[in-house]
Each structure stands twice: as structure tokens, then as C-alpha cells.
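Structure record follows, encoded as C-alpha cells.
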Amino acid sequence: MAASWCIEKRGSVRNDSFRDNDNLPETGCLSIIVLGASGDLAKKKTFPALFNLYRQGFLQSNEVHIFGYARTKISDGDLRNRIRGYLSQGRENEEEVSEFLQLIKYVSGSYDSGEGFSLLDKAISEHEISKNSTEGSSRRLFYFALPPSVYPSVCRMIKSYCMNKSDLGGWTRIVVEKPFGKDLASAEQLSSQIGELFDESQIYRIDHYLGKELVQNLLVLRFANRFFLPLWNRDNIDNIQIVFREDFGTEGRGGYFDEYGIIRDIIQNHLLQVLCLVAMEKPVSQKPEHIRDEKVKVLQSMLPIKDEEVVLGQYEGYKDDPTVPDNSNTPTFATMVLRIHNERWEGVPFIMKAGKALNSRKAEIRVQFKDVPGDIFRCQKQGRNEFVIRLQPKEAMYMKLTVKKPGLEMSTVQSELDLSYGHRYQGVAIPEAYERLILDTIRGDQQHFVRRDELKAAWEIFTPLLHRIDNGEVKPISYKPGSRGPAEADELLRNAGYVQTHGYIWIPPTL
């Protein structure tokens, strides 16, 4: 799908949800080409993200032209009808939805034939000419809402038929979705195939977790607040958990999921990216390359994963899905301990936990501090101090601490200092990850995208374990849907040093 518009630096398109970029071009036509426009990813994520940017004034209706590209032979109207239900939020914005849909055009073609891409290039060029854009000054962004198997052929077609014809300040960029391979070898092969055609500065490997509001807040929390600086190390922190839980199973995605499993689907990318931001050293500046350099150092400092520090699970009923093999060894749950061999984190376990069909839905970071020495109040049994960042749902961060229980007795109780976004920032719309990352791509900001050496280092950590799972050497343990997962996972947490708090439940404040 392609969106074409001219950007002008005007007050009407500013939005405090996004930071300004002084390098944002004041003029010049931009086309966003999303390939796979008739698929689920495009209609559920990409089109809504573009629509939200349009609603907020980042895309002006008199400047925008939107194109879809896919193999499906449908009309402009068919594509508009397919995505309408994913845009509408009620009668109050029906007019905006209709205006946005009228901007959408569609081009049909295959992903390995020059004919379709020639038609696409012609359509984009016609709109660039209509906006009086000088040839070569245009900006073209290709969004791959496609399976990775077709990435190489699509890249070749783009390189051959759809690049800018000259260099007058314009650019061509591609955005590729995960999975970036299945192991180190396949990821490197894919990177090489794409790297032969495009420079690293043109490639944006999108991980939508890096667009989440509280993930983007991590660097600010760590490096803009004095009281975190002396505490954020092995002298004070006992363990760190990064958790992703879903209360539903594969639900129609069994065939796809079985090919990858929970480690490839969630841990190797989303949770590992979060870990890097939690563990990295302060970068020299906010420049994308300085930040990504520090993330790579974290990955390169990781020790090999030990089998005894891994618990895999598969929920009962998973193999009832007709698209899942009866002998599937694919884990739907995993808890593992990662260890960083450097001065700051030596001896601190980073516990990664992800699973489907569990008893709750949430994603969070839980930093557990060591016991207070000389506990004169004898309150250690109540639990340790923790700093919790709730990524989703109900974004929040809170510090769990021990306080005096109100009353005449000197007794203690667990409570919290709480920043709940829905309560503190009432009326403030938190941008969706995809709209933020698409805007970053337009601005040329690669801070929240995965660099090739970063991807390689991540696969080096997990490939040995994944191969052992694929070969049946490591088996998942059966667990009941709606449970916490295998009991062995809780035992692994205890062995790693995590102390569970009993009798305390965080309750989000009501509006």
C-alpha cells in the first residue's frame, strides 16, 4: 500500500506526542508503499496507523495519495471496504474515515514479476508529478506487510523498478516485519540478500514493542532521574523479570505459531529488546547509532543459556488444532534465565517469561531489589522492594515498598508509589506503536529499529537452544489453560532468587 504526500513544516501538523526532528524536510513528495495491502497485517495495523497519523494532522488530505499493492485482484472500493471496519471508532469520526478512504488507490501485481512493479512505479510517479515533485527528490518508503519468504524477490523488484531515478535529496527506505529468520543462519542469509540491494541506513527492521510508550520511556527513567543511577546495578538489584502473558491460545494461528514457537515469536525479539534497554549503559547521546551501540554491547556480553535454567511448556489442547502436528514439540510457554557477564550485572539473573493460555494478560518489567540489611522491623517476609513497569494493558509504573500500617501499632505493610497513565494523564491519547514507528521511519530516525549486528547477536544467544528444541532434545511440559504455567517455572524463579510477595495485589487507581 502506498501513501504519497508533500510534507510542509506547519504548526497545524505538530503534535506533542512525537518529538520534533529538525531535519524533517519542509517540502518534497513522500510515498509510502505497503506491500501486502490485502492482508491482515495491513488492515489491522498499517492502515489504522496511517489513519491515526492522518487524524492527528501529520498527513494532510490535500497532499496525500494512498495506494495498495498485493496479488489479490480487487478494486479500489473493495480495499476500502475491507479496511473500513478497522478505522471507524464511532459516528463522531465517520466523516474522517470516509475522507481517508477516498485517498486510497490499489495496484495489483505479483511479488516476483517486473510488470506489477512497473505499474506501481508509474502510479507513484504520476502522483509525484501532480505535486510538481522534481524527479529524484521524492521520498519512497516501502512497508513489507508480507511473509519473509518473499522479502528477497520484492527487494529485487523495488531495486530494479521503483527506486528514485536520481539523487536530489530524496531517499528510498524499506520497513521489514519480524520474523527476521528462524535462527542465526537463516537470519544472516536474509540480511545478506537484503543488504546486497540496500544500505543499512535504508533498512528499518520493525519491532513494534520498541514503539510502546513505556518502552520508549525506559531511557528517560534510567538516565534523567538521579535516584535510579546509584541503584541500577548488581549491588542493589537481586533479579529482573521481563514478562509477557496472554490469557488465550493460538486461536486460528496454530499453523503459523507452530513453525516458530513462543521463543521466536516473543522472547528473542520483543522481550530481548526490552532487556537491552533495561541493562544498557548510558549512551554518548540520543543519536540512534549511539543507543544501538550500547544495546549491542549488552547482547555481546550474554553468557550461553543453560538447559537447567530453562523451563518450556505446552498447554493442554494445543495439538487439538488441526493445523498443528500431533507430535509437535513447539513450546507455547517458556521461562529462562539470561545472564550478563559485565561489571554492572554480574550475578544478576534476568528472568524472561512468556506464555499463552495463562491466567492473565499483561506485559511488564519487574525489578526486585535485595533485602534490607539489618531488618529491625522484621518485615522481610512481607516482600522486597520492587520497581514495576506495566507495559500493557493499563500502562503504569509503581514502586512497591514497605510502610507503616495506619494505626496505633508499629506494624508494617506493603504499599506503592504509583504512576498510572490513565489516572495521571487523563484525556491524553497514547499513540499506538505502529503510528509512532512509521513516523520515525519518515523522519529517518532509526533509534527504535533493529540494526543488523544487533539482530545477529540476538540470534547467537538463542540459536543453540532453539536447535535443541527443534531436534526434540528439550521437551515442553504440559500445563492447563488458565493456569500460571508449569509449576517447574515457579521453582526456577525461586532458584534464581526471586522472592514472591504474598498478600499484596496492585490495584490500578480508578478515574
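The values are calculated or read from the model by the stated rules, or taken from the named source; none is laboratory data. These numbers were taken from a predicted model, which means no experiment stands behind them. Cβ atoms come from the backbone with ideal geometry, glycine included; neighbour counts cover every protein chain shown. For accessibility, only protein heavy atoms count, side chains too; no ligands or nucleic acids. Shrake-Rupley method; radii C 1.70, N 1.55, O 1.52, S 1.80 Å.
Quick check on segment 241-390: take the gyration tensor over C-alpha atoms, sort the square-rooted eigenvalues as a ≥ b ≥ c, and tell me if it's rounded (a/c under 1.5), prolate or oblate. Oblate, because a/c is 1.5 or more while a/b does not exceed b/c.
Within the straight-line cut-off of under 17 Å between alpha carbons, the aspartates and glutamates reachable from Lys394 are Glu213, Glu246, Asp247, Glu364, Glu416, Asp418, Glu432, sequence neighbours fewer than 8 places apart in one chain being disregarded. Shown is the FRET efficiency for Ser75 and Ser98, computed with R0 = 22 Å from the Cβ-Cβ distance and rounded to the nearest 0.05: 0.85.
Per-residue accessible area (protein heavy atoms, 1.4 Å probe) orders Ser191, Ser113, Ser201 as Ser201, Ser113, Ser191, starting from the largest. The residues Thr412, Thr172, sorted by heavy-atom accessible surface at 1.4 Å with ligands and nucleic acids left out, run Thr412, Thr172 from largest to smallest. Note on surface exposure: His290, His341 rank His341, His290 by accessible area, highest first, 1.4 Å probe. Packing, taken as the mean count of other beta carbons within 10 Å per residue, orders the peptides 95-102, 308-315 from highest to lowest as 308-315, 95-102. The distance separating the Cα centre of segment 333-380 from that of segment 129-163 comes to 44 Å. Nonpolar atom fraction for segment 139-200, defined as the carbon and sulfur part of the 1.4 Å probe accessible area, stands at 51 percent. Working ranking of peptides 248-256, 144-152 by packing, defined as the average number of other Cβ atoms within 10 Å per residue, highest first, is 144-152, 248-256. Within the shell of other residues whose beta carbon sits under 14 angstrom from the beta carbon of Glu386, the net charge comes to 0, with Lys and Arg scored +1 and Asp and Glu -1.
State whether segment 355-491 is rounded, prolate or oblate according to the following rule on the C-alpha gyration tensor (a ≥ b ≥ c being the square roots of its eigenvalues): a/c under 1.5 gives rounded; otherwise a/b larger than b/c gives prolate, and the remaining case gives oblate. Because a/c hits 1.5 or more and a/b fails to exceed b/c, segment 355-491 counts as oblate. Taking 22 Å as the limit for the C-alpha separation, the pairs Lys182/Lys480; Lys45/Lys105; Lys212/Lys319; Lys44/Lys105; Lys44/Lys122 exceed it in the case of Lys182/Lys480; Lys212/Lys319; Lys44/Lys122.
With both labels modelled 7 Å from their Cα along Cα-to-Cβ, the Arg253 to Arg361 distance reads 1.2 nm.
Other residues lying with their Cβ under 14 Å from the Cβ of Asp247 contribute a combined charge of +4, Lys and Arg counting +1, Asp and Glu -1.
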